[in-house]
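Peer 1: Submitted below is the structure of interest, expressed as structure tokens.
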Amino acid sequence: MSGYYFVTMAALVLTAFFISRARAGRLIKGGVGQLHSLPNYHGLFAASAVFVPMLVIYAVGAPLLERFAETQALSFFGTDAASDALHRNATLRDIQNLVAGQYTGTPADALLEAARTLKSTLWWGNALIYGVGVLAGLLAIGLSVGRVSAAFRARNHFERLVVVVLLLCAAVAVLTTIGIVFSVLYETIRFFFDPSLKGRPTVTEFLFGTEWNPQAAMRADQGDIKTAYGFIPLLTGTLLITLIAIVVAGPLGLFSAIYLSEYATGRFRAWAKPVLEILAGIPTVVLGFFAALTVAPLIRGWGAYFGLDVASESALAAGLVMGMMIIPFISSLSDDVINSVPQSLRDGAYAMGATKSETIKQVVLPAALPGIVSAFMLAISRAIGETMIVVMAAGLAANLTFNPLDAVTTITVQIKTILVGDQEFDSAKTLAAFALGFVLFFVTLVLNIIALTIVRRYREEYD
Amino acid sequence: MHTMVDKHADAVVHAKVAVGLPTPKVSAKDVNVYYGEKRALQDVSVDIPDRGVMAFIGPSGCGKSTFLRCINRMNDTIPICRVTGKITIDDRDIYDPKLDVVQLRARVGMVFQKPNPFPKSIYENVAYGPRIHGLSHSKADLDEIVQSSLEKAGLWNEVKDRLNDSGTGMSGGQQQRLCIARAIAVNPEVILMDEPCSALDPIATARIEELIEQLRKNFCIIIVTHSMQQAARVSQRTAFFHLGSLVEEGVTTEIFTNPKDKRTQDYITGRFG
Ligand SMILES: Nc1ncnc2c1ncn2[C@@H]1O[C@H](COP(=O)(O)OP(=O)(O)OP(=O)(O)O)[C@@H](O)[C@H]1O
Ligand SMILES: [Mg+2]
């Protein structure tokens with residue numbers, strides 16, 4: 001049914017477009033200047049005048065009809081079918097199966113009746129929607145074609161519509177974000193304050209506790225292991241690994257960007273840049289086992305050589321590989337930013353007698369700094385959010401340590417560990433994932449705000 | 001070809017004798033410039049005296065900027081560019097491999113067509129040159145250099161209360177004077193200006209011209225301009241370029257009132273270009 005509707009709609013939209021455009025085109029005698037809007041805009045205006053109402057009619061009508069038809073069908077059953085959600089859904093499924101011809105067994109009379117009603121209500125309803133829609137479309141064609149005249153401001157009307165569409169798109173993105181934040185926030189609040197949850201921590205215990213051990217809840221009978229939701233070890237683990245990653249990737253990425261944009265020949269640049277970007281495309285799982293199977297044993301070997309005791313899963317291994325992962329972010333973005341610094345600034349410095357490296361240090365990099373800071377922030381956000389590499393290379397042990405040679409764990413890894421497998425969503429342990437998610441979100445938010453402030457302050461000073 | 005060069009050399013000698021030219025500050029001999037295969041300048045020879053303004057005029061694309069950029073070796077920054085011939089400043093070959101281009105550029109300042117202050121404070125813009133060339137030994141030294149440069153550029157009174165504001169936040173004319181201040185802060189001997197007023201309105205232009213009038217007492221200034229009036233107003237000598245060669249060079253009033261070459265005459269009377 002909806003297929004017909006949309007085909008008709010497309011036909012009407014095209015008709016409106018071509019009729020209006022042709023009419024507007026015929027108005028041109030001599031020069032385009034006499035017409036306020038170009039013929040294309042008249043066409044687009046008419047097309048949208050058909051498209052919008054028809055879409056709205058369908059978008060409103062179809063769900064309404066469905067609800068109505070279902071109520072009609074359910075009226076053949078007792079009141080409990082209407083009130084009890086479980087019962088109601090089962091009945092509806094039966095009816096629908098019957099309509100689709102997939103019902104097994106012999107249906108009861110009421111069910112047959114209900115199916116017939118559902119079918120016919122849907123049919124008539126769809127016909128009604130179709131009729132109303134086509135009518136509205138034809139009406140819109142009539143009206144909009146009638147409005148085609150030299151003075152009609154079709155362009156302004158159409159452009160206003162475009163603005164509305166753009167606004168709606170922006171609104172969807174913003175609302176989704178808000179929705180995600182609130183659903184996480186809701187579960188987080190449940191985690192802390194729902195009295196029916198056993199073993200939930202207080203906010204202070206969570207934020208300042210130095211022990212993380214959610215699994216113990218499973219083994220309450222063992223008694224000697226206490227459940228703990230102290231989030232500090234996860235935070236330090238996350239920060240430690242991110243720090244190692246950025247210490248590795250920051251200089252490497254920035255310096256390679258400087259080399260690529262300022263020193264490299266065109267030929268070298270032409271193949272080096274794509275190669276760097278391939279590095280960004282390596283799945284993190286692959287990087288993860290590279291970390292676990294290649295880098296970690298290497299570090300262990302070196303550690304043994306220097307007489308250091310290195311855990312087989314170490315923060316260092318995870319951090320190093322994560323650093324490799326984010327190098328392309330930093331180098332590629334910084335390279336773009338450095339390239340966009342105007343040549344006239346470089347010429348100014350050269351003409352003052354600055355050497356190439358002085359020019360880069362004192363003129364190019366400061367001018368590119370806001371962009372470079374955002375590149376770093378993006379890379380840091382990636383590092384904080386990365387899970388796979390850490391799972392494979394840094395382990396699950398929530399150690400509160402700043403020693404890069406120890407095993408640590410991160411916020412994301414714990415979220416993953418808690419939620420893997422079948423879980424009921426009403427134990428403190430599962431809800432802890434939401435609290436972690438919320439904190440993670442908060443940490444990245446704060447980092448972004450800091451970055452934005454740095455960039456803004458810098459801009460105010462210089463630009 | 002041969003006779004043409006000879007005739008040209010004659011003309012230069014002739015001009016020298018006629019005005020009693022002192023030893024030139026900048027002297028070019030048979031300069032050719034190539035961009036890849038393309039020859040942008042052919043056998044340019046000219047002597048430029050100290051303490052005065054020399055104007056380069058000519059139609060677009062004739063090689064004025066190219067020649068100007070030879071004098072502080074800015075063409076080195078263009079990989080495909082090749083310069084042959086000899087250019088001397090105070091009788092020293094500036095393309096001598098032993099000569100350090102950094103020192104050359106400290107002696108030969110440049111102001112560009114579009115004002116290009118660094119995205120730093122006004123103070124830092126002017127202090128930039130003295131800093132990289134180690135001209136100041138203390139903060140007070142530097143302050144003084146900055147102040148005197150801004151004064152010479154006629155900008156001090158306008159900016160003395162906001163030295164820490166951004167250099168890019170000023171008007172186009174102020175930015176261009178800031179660039180001039182930046183160039184003279186290292187106390188160069190020669191200042192090259194490539195159409196310094198083409199992005200400015202008449203009032204800002206008049207200020208820059210006044211400034212050039214002041215500066216010529218202490219510097220050797222070479223200016224590229226598309227405005228014949230400007231060349232006539234600010235310069236003492238003028239060189240006319242056409243299709244990569246230097247057609248005629250001499251005292252400005254002579255060039256404008258009594259050009260020897262037909263092409264010069266056509267250009268200044270507005271018949272082409
Ligand atoms: N970077 C470059 N690469 C290749 N060719 C160049 C380059 N710069 C200049 N040219 C060429 O050299 C010739 C002279 O250019 P130049 O910029 O010196 O002219 P101009 O006299 O300054 O012109 P205008 O008055 O328009 O500034 C032109 O034909 C130009 O195309
Ligand atoms: Mg030029």
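The values are calculated or read from the model by the stated rules, or taken from the named source; none is laboratory data. Predicted, not measured: the structure shown is a model, and the values here were computed from it. Note that each Cβ is placed from the backbone with ideal geometry, even for glycine, and that neighbours are counted across all protein chains shown. Accessible surface is based on the protein model in full, side chains and every heavy atom, while ligands, DNA and RNA are left aside. Shrake-Rupley method; radii C 1.70, N 1.55, O 1.52, S 1.80 Å.
Peer 1: Considering only segment B:221-236, state which residues are away from ligand 2 (no atom under 14 Å from the Cβ) and either hydroxyl-bearing (Ser, Thr, Tyr) or in contact with a Pro (Cβ under 7 Å, 6 or more places away or on another chain) (or both).
Peer 2: First, the residues of segment B:221-236 that are away from ligand 2 (no atom under 14 Å from the Cβ): B:221, B:228-236.
Within segment B:221-236, B:235 is the sole residue that qualifies.
Peer 1: Using beta carbons and a limit of 7 Å, which pairs, at least six apart or on different chains, have the first residue in segment A:96-116 and closer than 19 Å to residue A:66 by Cβ and the second one outside any helix (DSSP H, G or I) and among the hydroxyl-bearing types (Ser, Thr, Tyr)?
Peer 2: A:97/A:103
Peer 1: Considering segment A:322-358 alone, what residues qualify as being within 14 Å of chain B (Cβ to nearest Cβ), within 37 Å of the chain's Cα centre (by Cα) and open to solvent by 50 Å² or more (accessible area, probe 1.4 Å)?
Peer 2: Listed by number, the residues that qualify are A:340, A:342, A:343.
Peer 1: Next up: Taking only segment B:154-171 into account, find how many residues are surrounded by 14 or more Cβ atoms within 10 Å (Cβ to Cβ) and not hydrophobic (A, V, I, L, M, F, W, C).
Peer 2: Here the count works out to 7.
Peer 1: Still on this model: Could you tell me whether segment B:138-153 includes any residue that is surrounded by fewer than 20 Cβ atoms within 10 Å (Cβ to Cβ) and within 14 Å of chain A (Cβ to nearest Cβ)?
Peer 2: no
Peer 1: Scan segment A:269-284 and tell me whether some residue there is surrounded by 14 or more Cβ atoms within 10 Å (Cβ to Cβ), among the acidic types (Asp, Glu) and touching a residue at least 24 places away in the same chain (Cβ under 8 Å). It would help to see each step written out before you state the result.
Peer 2: First, the residues of segment A:269-284 that are surrounded by 14 or more Cβ atoms within 10 Å (Cβ to Cβ): A:269, A:272-273, A:276, A:279-280, A:284.
Among the residues that remain, those that are also among the acidic types (Asp, Glu) are: none.
No, because not a single residue in segment A:269-284 is surrounded by 14 or more Cβ atoms within 10 Å (Cβ to Cβ), among the acidic types (Asp, Glu) and touching a residue at least 24 places away in the same chain (Cβ under 8 Å).
Peer 1: Out of all the residues in segment B:60-82, which are surrounded by fewer than 17 Cβ atoms within 10 Å (Cβ to Cβ) and either within 10 Å of ligand 1 (Cβ to nearest atom) or not in a strand (DSSP E or B) (or both)? Before the answer, list the steps.
Peer 2: Step one: list which residues in segment B:60-82 are surrounded by fewer than 17 Cβ atoms within 10 Å (Cβ to Cβ), which gives B:60-61, B:76-80, B:82.
Those that are surrounded by fewer than 17 Cβ atoms within 10 Å (Cβ to Cβ) and either within 10 Å of ligand 1 (Cβ to nearest atom) or not in a strand (DSSP E or B) (or both): B:60, B:61, B:76, B:77, B:78, B:79, B:80.
Peer 1: A further question on this structure: Considering each residue of segment B:175-207, count those that are within 12 Å of another protein chain (Cβ to nearest Cβ), open to solvent by 20 Å² or more (accessible area, probe 1.4 Å) and within 16 Å of ligand 1 (Cβ to nearest atom), and give that number.
Peer 2: The total comes to 1.
Peer 1: Identify, by number, the condition in (1) modelled with pLDDT under 90; (2) crowded, with 18+ Cβ neighbours inside 10 Å that residue A:21 doesn't meet.
Peer 2: Here residue A:21 clears every test but (1).
Peer 1: Something else: With within 9 Å of chain A (Cβ to nearest Cβ) and open to solvent by 40 Å² or more (accessible area, probe 1.4 Å) as the only criterion, which of B:86, B:114 stands out? Working first, answer last.
Peer 2: Details: B:86 fails: within 9 Å of chain A (Cβ to nearest Cβ).
Of B:86, B:114, the one residue that is within 9 Å of chain A (Cβ to nearest Cβ) and open to solvent by 40 Å² or more (accessible area, probe 1.4 Å) is B:114.
Peer 1: Something else: Please go through segment B:95-111 and give me each residue that is within 9 Å of chain A (Cβ to nearest Cβ), open to solvent by less than 40 Å² (accessible area, probe 1.4 Å) and not in a strand (DSSP E or B), ordered by number.
Peer 2: Passing the criteria: B:101, B:102, B:104, B:105, B:106.
Peer 1: Looking only at segment B:80-136, which residues are within 16 Å of ligand 2 (Cβ to nearest atom) and under 25 Å from residue B:170 (Cβ atoms)?
Peer 2: Step one: filter segment B:80-136 for residues within 16 Å of ligand 2 (Cβ to nearest atom), giving B:81, B:110-116.
Within segment B:80-136, B:110, B:111, B:112, B:113, B:114, B:115, B:116 qualify.
Peer 1: A further question follows. Just the residues that are within 16 Å of residue B:235 (Cα to Cα) and not in a helix (DSSP H, G or I), please, taken from segment B:246-257. Working first, answer last.
Peer 2: Restricting attention to segment B:246-257, the residues satisfying the condition of being within 16 Å of residue B:235 (Cα to Cα) are B:248-257.
Within segment B:246-257, B:248, B:249, B:250, B:251 meet the criteria.
Peer 1: Select from segment B:117-137 the residues that are facing chain A (nearest Cβ under 8 Å) and open to solvent by 30 Å² or more (accessible area, probe 1.4 Å) and list them in ascending order.
Peer 2: Once the filter is applied, which keeps residues that are facing chain A (nearest Cβ under 8 Å) and open to solvent by 30 Å² or more (accessible area, probe 1.4 Å), segment B:117-137 yields B:120, B:132, B:133.
Peer 1: Checking the conditions here, which among A:383, A:379, A:394 is more than 19 Å from residue A:234 (Cβ to Cβ), touching a residue at least 24 places away in the same chain (Cβ under 8 Å) and either open to solvent by 40 Å² or more (accessible area, probe 1.4 Å) or away from chain B (no Cβ under 14 Å) (or both)? Let's see the steps before the verdict.
Peer 2: Working: A:383 fails: more than 19 Å from residue A:234 (Cβ to Cβ); A:394 fails: more than 19 Å from residue A:234 (Cβ to Cβ).
Only one candidate passes the filter, namely A:379.
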